[in-house]
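This report refers to the structure that appears directly beneath it.
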Amino acid sequence: MKFTDNFDFKKFILASIFCFALFILMLAFSFKNNALDYDLWARLIMGNYVFHKGFPMFSDVVSYTPTHVWYDPEWLSSAFIYFVRLKFGVIGLTFLKAILFFLCFVFISFAIKNKLKYETSPYNICFYLILLFISFEFSILAYTVRCQLFTFLLMSIWIFLLEKIRNSEDKFLYLLPFIMLFWLNVHGGCIAGVGILFLYGVGEFLNKKPFKKYFIVLIFVCLVFFINPWGVDYIKFLIDSSYLDRSWISEWQSPVYFPLIFHFFYFLVLLGTLFCYLYKIYALKLNYKNIDKTKLILLVVLALLSLKYIKHSGLFITIYAIFMYDDFYFVYNSLMEKLRKYLQINHIAIKYLSYFKTIVIYLLIFVYSLFVFLTVPFKYSYYSSFLANFPVMPMRFLEMNNIEGKLFSDFYYGSFISYKYYPNIKIYMDGRQEQVYSSQLFDEAMFFLNQFGNTPNKAITRYIPDIILVEQSWKCVNSLNKNPYYSRVYSDNKYNIYLAKNVQLFSYKYPDNNLDDYFEKLFDTVFDYSKVKNK
């Protein structure tokens, strides 16, 4: 049989246009919603070390507070991010974000195509536009390149392979341990892959279909976890991290604490999912025996996790897209057929209207993307958000006045300060919360900033900092203004700097607003990696 006998040129063209339009739109969204992550700088520190040494940095050197071994599940993705930044600059990071999102959606479409039981195209662009809008507009994880993107991509590949296995293509079972070997060294979200595999086994058991293979491969997947730079201690760290209370951190909070638009979005998605799912069951007269229990378990578990933590929203979107696509279009096609009969429109007219709709949508995608590329500065699209999110001017003030020492600040700023100003300045802590620091250290920092408890100032009385950099919105500002040991020496519309008596000067220089040279050297660092000694 010749290749052309099975090759559908029309479907190939449709898939090619879909992929091209989707990537262009991903890139446009990436430039429009562009920022540098608070933790990017810690990723660059680790990535630089791994890139030049060939193995991760085990010890923290940037903090003046007690630390433990640096267990970094993102050490390999850090090296990749560092390489992209080094070779392609900050534009490369924007393209990396777009590419990772694009590949995630491509494997979602592959998984959808593998699940379809009747002739329905997995490339209907409207469905993906909704997902793309949800990802970028309602997820705080989509505005910058983060290591979580590797988990979203690997999760879509994971589900794609598991759906292949459900279709009796058991040869793909052998790939799962190798994928997990990569996954557990690029991001701690690998735990989700283990959970998903377990839920597949439970679901297929309830479906009365072959299920033992899932639990057998689960054993090998778990054994792979021992292949990491830290050995057994790393596994203990991952397990402990799964139960860690991160309620201080916005991405680990429930969406119920977010603005009303988040409430509306989540409940709209959940209600829409429930409606489509129940409508299809009713229309096809399915009973418990016919219902796919694996699908039901996955949707319920991920929905509950997404309601518990905003960070799990990306995983829920992936599961939702793969498993609800068929239901969504079953409902859509049923309603359109009822409307067609009610309006007495023939099938040919509906077909041409569908073509017209598709052409219009693709034109809008290309026009919108072109508009973004022409109006958003190609190289400096992240600068405005960077100035809004990072203490650039306060740190320039310290640099201009040669003020050095131990600095306390909100942990969000820690890795940026370390990357740019270590060893002249050491930090209290940064975003590597459980990777490097104790939970007590983190709690004491938050108690100080919010002035909670009977002894809220432990963070600055136990490890006395020379410099305190805080936002004016924190409650600790009132306490610091009355503290005789510290004096406020800098203030702008967002930040205050307080200096201890031993580092105060008679006079100070203040930075101007000319930041062109600063941004040109934004990724310069004096961090000497050759002097870091692993313990």
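The values are calculated or read from the model by the stated rules, or taken from the named source; none is laboratory data. Computed from a predicted model, the values in this text were never measured in an experiment. Because the Cβ atoms are built from the backbone with ideal geometry, glycine has one as well, and the counts that use them run over all protein chains shown.
See the values below:
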quantity	calculated
Test result for Leu86, within 16 Å of the chain's Cα centre (by Cα) and not in a loop (DSSP other than H, G, I, E, B)	no
Selected residue (criterion: modelled with the highest pLDDT) from residues of segment 108-134 that are basic (Lys, Arg) and surrounded by 16 or more Cβ atoms within 10 Å (Cβ to Cβ)	Lys113
Residue in segment 466-473 that is touching a Pro at 6+ places or on another chain (Cβ under 6 Å) and either farther than 23 Å from Asp60 by Cβ or basic (Lys, Arg) (or both) present	no
Flag if Tyr498 is more than 32 Å from the chain's Cα centre (by Cα) and more than 28 Å from Phe386 (Cα to Cα)	no
Residue satisfying all of: in segment 49-68; touching a strand residue (DSSP E or B) at 6+ places or on another chain (Cβ under 7 Å) and part of a loop (DSSP other than H, G, I, E, B); farthest from Tyr463 (Cα to Cα) among these	Val62
Segment 17-35 residues that are on the phi < 0 side of the Ramachandran plot and in contact (Cβ under 8 Å) with a residue 40 or more places away in the chain, paired with ones that are among the small types (Gly, Ala, Ser) and part of a loop (DSSP other than H, G, I, E, B) (beta carbon under 7 Å, 6 or more apart)	Phe31/Ser381; Asn33/Ala142; Asn34/Ser381
Ile345 being assigned to a loop (DSSP other than H, G, I, E, B), over 26 Å from the mean Cα position of the chain (by Cα) and among the aliphatic types (A, V, I, L, M)	yes
Count of segment 464-478 residues which are exposed (fewer than 13 other Cβ atoms within 10 Å of the Cβ) and either touching a residue at least 60 places away in the same chain (Cβ under 8 Å) or under 15 Å from Asn493 (Cβ atoms) (or both)	2
Test result for Leu374, part of a helix (DSSP H, G or I) and under 23 Å from Val90 (Cβ atoms)	yes
Sole exception among (1) in a loop (DSSP other than H, G, I, E, B); (2) within 32 Å of the chain's Cα centre (by Cα); (3) without any contact (Cβ under 8 Å) to a residue 60 or more places away in the chain for Asn402, by number	(2)
Test: residue in segment 439-456 that is surrounded by 14 or more Cβ atoms within 10 Å (Cβ to Cβ), modelled with pLDDT of 90 or more, under 16 Å from Asn496 (Cβ atoms) and in contact with an Asp or Glu (Cβ under 7 Å, 6 or more places away or on another chain)	yes
Number of the exception - Glu434 against (1) crowded, with 19+ Cβ neighbours inside 10 Å; (2) outside any loop (DSSP other than H, G, I, E, B); (3) touching an Asp or Glu at 6+ places or on another chain (Cβ under 9 Å)	(1)
Hits in segment 214-263 - residues which are of a type in the set (S, T, N, Q) and at pLDDT 85 or above	Asn228
Only one of Leu505, Leu499 that is in contact with a Ser or Thr (Cβ under 7 Å, 6 or more places away or on another chain) and in contact (Cβ under 8 Å) with a residue 24 or more places away in the chain	Leu499
